[in-house]
Amino acid sequence: MSHSQVTARVALFVALAYVLAYATAFIPNVSLIFIVFFSAGALYGLRVGLMVGGIGEFLWTVFNPFGMAPVTTTISQIAAMMIVASLGAIIYKSKIMNSFSVKGVILFSVFGLLSGFVFQLILNGVDAWLYGPFWEYLMAGLGFAVISIVSNAVIFPVFYPVIVKLAQKEYAR
């Protein structure tokens, strides 16, 4: 991909992430931003995924309709979403992206669980370390995070057919 193609895809996915995050902002702990970052990595690889995850989460966290998060939370959210995009890059150009399959649905559900868990573990781990007591804070945060983790396990496989279609068009070029 040329520099301008990378720039266009990053910009498109960052904008999509922001809009979808805003669209789900009023549903506690459910967000479509995870699938956007994961998809960027899955469709375009690690470099593009990291850019989309980093820039997209930075913009969402700084220009959030509820106000900006503290700097430590902002940094942990950016790092966590870059890891979510990295998880997507694991399946970049894999057979699972070539055509729709039951195995793909299951794999996307597992990646949804993993994405939500990793994000919440990093975010709540940093917050627990800063605002403690550590274990009580972490357990309380992870208890609430179950909604996010489970919702990703449902959202990811729902979007799997769309991502396969995009991959087929992108890889055919």
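Side notes on the structure shown:
- Cα long-axis angle, helix 33-44 against the chain (0 to 90 degrees, to the nearest 10): 40 degrees
- The C-alpha atoms of the chain define a longest principal axis, and helix 3-23 lies at about 50 degrees to it.
- Value at 222 nm in deg cm²/dmol, rounded to 500, when DSSP H runs of n ≥ 4 in the chain each add -39,500 (n - 2.57): -28000 deg cm²/dmol
- Against the chain, whose longest principal axis comes from its Cα atoms, helix 134-171 is set at around 10 degrees.
Readers should treat all values here as calculations from the given coordinates under stated rules, not as data from a laboratory. Keep in mind the model is a prediction, meaning the values are calculated, not measured.
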